Amino acid sequence: MGEAEAHSALDKLENPIKLTEQGIRDLKADLDKALQALAEVKAMAIRSKNEAVQSRNQADDYERKAMMLLSKAEKGQLDSTEADRLASEALLKKEAAAKSASEAEKRVLGFETNISQIDSNVKKLRSNISHYENELKTLKARAKVSETTKNLNRQMAQIDSSGTISMLERMKEKVEQDEALAEAYGDISQESKSVDDEIDKVLEDEPVAKAADSLAELKAKMKLNQ
């Protein structure tokens with residue numbers, strides 16, 4: 001198993017296309033995680049902003065209520081001691097709400113810093129993925145050309161190494177040998193003619209000789225008639 005894993009790792013190292021594809025898949029997985037984290041942090045920032053706004057509104061509302069209580073006391077509509085007590089309680093709640101608002105606003109600032117960092121990482125990851133995908137396209141095209149060229153050169157090398165030229169030379173030599181052998185047999189056939197063949201050959205020329213004599217006689221006769 002260890003040897004198989006070693007060979008598998010070696011194959012991946014020797015294949016830059018597979019290595020690059022795996023790297024891009026890893027980057028996309030990181031991008032998905034970064035986007036999820038970005039969404040979660042943004043959600044917390046939005047929630048903290050809402051809490052800050054709500055707390056600020058509560059603080060303003062308690063301050064308004066404290067003022068209304070004191071106003072009632074001044075108008076004689078409420079006992080001043082009771083008005084002071086209730087107004088003090090309202091101001092305490094105002095301070096608590098203001099503190100909550102301040103803490104929520106601080107959290108918002110922290111979240112915004114985190115959002116900025118994560119967003120920067122997301123943009124960097126997207127840029128890297130786009131760059132590597134373009135590099136992969138170029139790498140695949142180059143690999144295809146190199147593979148085709150390698151196969152062609154290998155085929156050409158195999159043609160030379162298979163002795164094609166040597167076979168042609170041997171074939172040429174055999175043809176020349178057969179031609180010489182045919183000529184030799186022709187010479188032998190001429191030498192093996194019998195006496196009868198020679199006589200027949202001579203006699204074959206006799207009609208030609210007779211025709212020549214007849215032509216000469218005809219020409220002589222024509223001259224006499226003139």
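The values are calculated or read from the model by the stated rules, or taken from the named source; none is laboratory data. Please read all numbers here as calculations on a predicted model, not as lab measurements. A quick note on method: Cβ atoms are made from the backbone with ideal geometry, for glycine too, and the neighbour counts reach across all protein chains shown.
Yes/no matrix, rows are residues, columns are (1) within 30 Å of residue 129 (Cβ to Cβ); (2) surrounded by fewer than 17 Cβ atoms within 10 Å (Cβ to Cβ); (3) modelled with pLDDT under 95:
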residue	(1), (2), (3)
43	yes, yes, no
50	no, yes, no
54	no, yes, no
64	no, yes, no
77	no, yes, yes
92	no, yes, no
96	no, yes, no
99	no, yes, no
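For beta carbons closer than 7 Å, sequence separation of 6+ or different chains, a first residue in the range 47-70 that is not assigned by TED's automatic domain parsing to the domain that holds residue 93 and a second that is crowded, with 17+ Cβ neighbours inside 10 Å and at pLDDT below 95, there are no qualifying pairs.
Quick one: would you say residue 89 is assigned to a helix (DSSP H, G or I) and closer than 30 Å to residue 16 by Cα?
no
Condition check: in the same structural domain as residue 38 (by TED's automatic domain parsing) and modelled with pLDDT of 90 or more. Does residue 146 satisfy that? Taking the combined requirement at face value, the residue does not satisfy it. The set of residues in the range 57-81 that are small (Gly, Ala, Ser) and not in a helix (DSSP H, G or I) contains only 76. With respect to residue 104, determine if the residue is in a helix (DSSP H, G or I) and touching a residue at least 24 places away in the same chain (Cβ under 8 Å). In short, yes.
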